[in-house]
Amino acid sequence: MAPPRASSSSAAAALSLMLLLAAVAGTTTVDGGRRKPAQAPAAGGEEEEEEARRGAGVRYATEEGAHVKAAPPRRAPPAPAPAASPDQFRGQARLPRFAAPRRYDLRLRPDLVACTFTGSAAVTVAVSAPTRFLVLNAADLSVDRTSIRFRDLVPNDVVFFADDEILVLEFAKELPLGEGVLSMNFNGTLNDQMRGFYRSKYQYKGKTNNMAVTQFESVDARRCFPCWDEPAFKAKFKLTLEVPSELVALSNMPVAMKTVNGPMKTVQYGESPLMSTYLVAIVVGSFDYIESVTAEGTRVRVYTQVGKSNQGKFALDVGVKSLHLYKDYFGTPYPLPKLDMVAIPDFAAGAMENYGLVTFREVALLFDELSSSESSKQNVAITVAHELAHQWFGNLVTMEWWTHLWLNEDAGFWFILLTVSLFPQVEIHHASEVDEIFDAISYDKGASVIRMLQNYLGAERFQFALSFFPTFQKALASYIRKYAYSNARTEDLWAVLEEKSGEPVKNLMTTWTKQQGYPVINAKLKGTYLEIEQAQFLLDGSSGPGMWIVPITLAAYLSVMQNVTSSNRSGYNDLLKVYRESAEAEEKTRVLGTLCYCKDKNIVLESLNFLFSNEVRNQDAYYVLQGLGVDTRDTAWIWLKGNWDRISKKFGDTQVTGFIRYVVTLFSSNEKAAEFSRFFSTRKKPTFERTLKQSLETVRINARWIQCIRSEPRLAQMVRDLLQNP
Ligand code: BES
Ligand code: ZN
């Protein structure tokens, strides 16, 4: 086996010696980022020389950048031909595309006492263009060079470029096109850096033990096994672990087969669906668990330290509810047969959404009814909801490259998704906390931008996500279906949203995601015109030339309406003036959409009565109704009841359905549903019977959610507090 890797403080001399030893032992030491990359190897293509190399030895990168050869070539190599040299793959942002993994068969054997691991990989690789090379990622691994085979071919050169963390396998002849298996053995250390395959420590029966854990996002799967470590190289994974019999060993998929052989057991897991390397996960240690099953039959478990499984109850509950919710929201079932959530004592981030095996810092998963604080409960709910949303948005549909990560990681976005459905009467003001990758500004900005988009595409109805299937959610669901098991770019999401909404989402969003800072908008009503100015706001106080496409539909008019009261109705009068004097139908509907967006009941009544005037076309009535909110629902219902005959007469059967839907679905109690049933029982018409039924169903669904929340009253309060004081 290869000697242990030198620590980062190793002297160059020691390192060179180690490499030499590795060469003699027939291994390539793939050591993260300390050595200079290898220089170009001797020219390939000459049969004789290649033959000599194949039989005699391998070239290794050294500290000086030269190749050490166990057996030098018989004659000096000619100048390297760049096109045929491993060197051509250096300094590239991404791996070449001519070969791609389809399936990884991985076998790993961690030694929890020595803190090392050995492994073997058999990767089915599809070669799609003529090449003599296979290029994949590896770091901090010792690869046994003599074990490498592709089909039945042995590489005639294996070069590791440390800076690029790539392993280049050079073969004598062009590789056959199509699929073949690449196999190799390797070993590494269970490190203490909380990335790659690492060890975490825990107390068990009075002793300190090690557990083996993985954390691969963003680019650390390559520290556990050689792989195409980019999110777009999705493949199926089949893992086998050899671990001490008494330990719990978890991976992304459920156990398919277990063989116990005395103190050791071999655990084989089911084959995963297509997924990215950064989502592969392994946990080996002593754990207790509690479990539950979703209505759809997915087994959900929370793993905790032995004796602490009670502390996992809250996360389990949130997890089961979230899975159920997201299945409806994304219009796609949870893609795996099980979901495990595991508390890890040493964990770099807050949590990691590994497919089917989500890992958490203990404080982000465990909640102790007796001793934990309210804020920690809130943190658990948010973190579980966030990571489980990733199981669809991130894991099932994965960003094509890391530059598209902002959308994945926009925590505020996920929080919005959960809360709008879990807490239907709560207005959303929250942009969540910071993730390591992005600073606070990007995170908060991401959340705000998504919120703006929701508003633009129909935020009012977004509140009733589960029953209304508004534009935004419908588009998200179709995006998930379209790109499931594959990858997408941010633009792909905009394109789907654009297609479904008919709005210029791409242009609009590009101005927000590709420019630094925010615009500062100044809006003034000047007669019948709304005068709007924009300037670029940058945190450092400077101002820039940036220009944004700003949807003013709600942004400006809504801010006017929010300040209107019966005693201060000048903004309202101004908007009515804009409505009356504007020649554009679109502008008129824009104003109508804001008239009920006001907390003052008298103003809302006035806006509703405005529908009876000849100034509003019947066809446009629903714009006004869309502005109704939870605060004004009682006013709206009293108005609807009191004016039912008049409404039925003026608006005709088709229009009336909108009145029912927009008013009735604002409620969320079974008593109210019964009241509506009673009221409409004598007024039924076949034309709106279906709408009525659906609306009542929505009220009852909302009521069920409220009951869930009431059974967790502190959570509801916490979320309210959070939303009010972001
Ligand atoms: N995928 C991230 C964690 C991550 C990102 C790990 C980049 C390594 C590199 C995860 O989904 C996440 O965002 N976690 C947050 C918690 C969440 C509630 C915002 C975290 O770890 O803080
Ligand atoms: Zn995340």
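Condition first: of a type in the set (D, E, K, R) and in contact with a helix residue (DSSP H, G or I) (Cβ under 7 Å, 6 or more places away or on another chain). Now tell me which residues in region 169-185 satisfy that. Give the derivation first.
Start the filter on region 169-185 by keeping residues that are of a type in the set (D, E, K, R), which leaves 170, 173-174, 179.
The one that is of a type in the set (D, E, K, R) and in contact with a helix residue (DSSP H, G or I) (Cβ under 7 Å, 6 or more places away or on another chain): Glu170.
Please enumerate the residues belonging to region 330-371 that are within 16 Å of ligand 2 (Cβ to nearest atom) and of a type in the set (Phe, Trp, Tyr). Scanning region 330-371 gives Phe330, Phe347, Tyr355, Phe360. Here region 198-248 is the region considered, the condition is being in a strand (DSSP E or B) and of a type in the set (Val, Ile, Thr), and the residue that is farthest from Leu167 (Cα to Cα) is Thr208. Scanning region 400-409 for residues that are more than 11 Å from ligand 2 (Cβ to nearest atom) and either crowded, with 24+ Cβ neighbours inside 10 Å or among the acidic types (Asp, Glu) (or both) gives a single hit, Glu400. Filtering region 277-317 to residues that are surrounded by fewer than 20 Cβ atoms within 10 Å (Cβ to Cβ), more than 25 Å from the chain's Cα centre (by Cα) and in a strand (DSSP E or B) leaves Asp288, Tyr289, Ile290. Determine whether region 372-380 contains at least one residue that is free of Cβ contacts under 8 Å to residues at least 60 places away in the same chain and within 16 Å of ligand 2 (Cβ to nearest atom). Yes - at least one qualifying residue is present in region 372-380. Just one of (1) under 30 Å from Ser582 (Cβ atoms); (2) modelled with pLDDT of 85 or more fails for Leu696. It is (1). Among residues of region 472-494 that are within 16 Å of Met275 (Cα to Cα), those with a beta-carbon under 7 Å from a residue that is among the small types (Gly, Ala, Ser) and surrounded by fewer than 20 Cβ atoms within 10 Å (Cβ to Cβ) at least six positions away or on a different chain give the pairs Ile480/Gly331; Arg481/Gly331; Asn487/Ala232. Taken over region 601-627, the criterion of being farther than 17 Å from Leu666 by Cβ and within 40 Å of the chain's Cα centre (by Cα) is satisfied by Asp620 alone. Considering (1) within 23 Å of Lys236 (Cα to Cα); (2) in contact with a Gly (Cβ under 9 Å, 6 or more places away or on another chain), the lone condition that Pro176 does not fulfil carries the number (2). Residue under question is Val248, and the condition is that it be more than 24 Å from the chain's Cα centre (by Cα) and surrounded by 14 or more Cβ atoms within 10 Å (Cβ to Cβ); does it hold? So Val248 fits the description; yes.
Being hydrophobic (A, V, I, L, M, F, W, C) and assigned to a strand (DSSP E or B) is the filter; apply it to region 505-553 and report the residue that is modelled with the highest pLDDT. Only one residue tops the list, namely Ala535. All of (1) in contact with a helix residue (DSSP H, G or I) (Cβ under 6 Å, 6 or more places away or on another chain); (2) over 25 Å from Glu689 (Cα atoms); (3) surrounded by fewer than 22 Cβ atoms within 10 Å (Cβ to Cβ) hold for Ser613 with one exception: (1).
Of the residues Phe680, Phe688, which single one is at pLDDT below 85, more than 32 Å from the chain's Cα centre (by Cα), of a type outside the set (Asp, Glu) and surrounded by 17 or more Cβ atoms within 10 Å (Cβ to Cβ)?
Details: Phe680 fails: at pLDDT below 85.
After applying the criteria, what remains is Phe688.
The values are calculated or read from the model by the stated rules, or taken from the named source; none is laboratory data. None of these values were measured; they are calculated from a predicted model. FYI the Cβ positions are ideal-geometry reconstructions off the backbone, even for glycines, and counts take in every protein chain you see.
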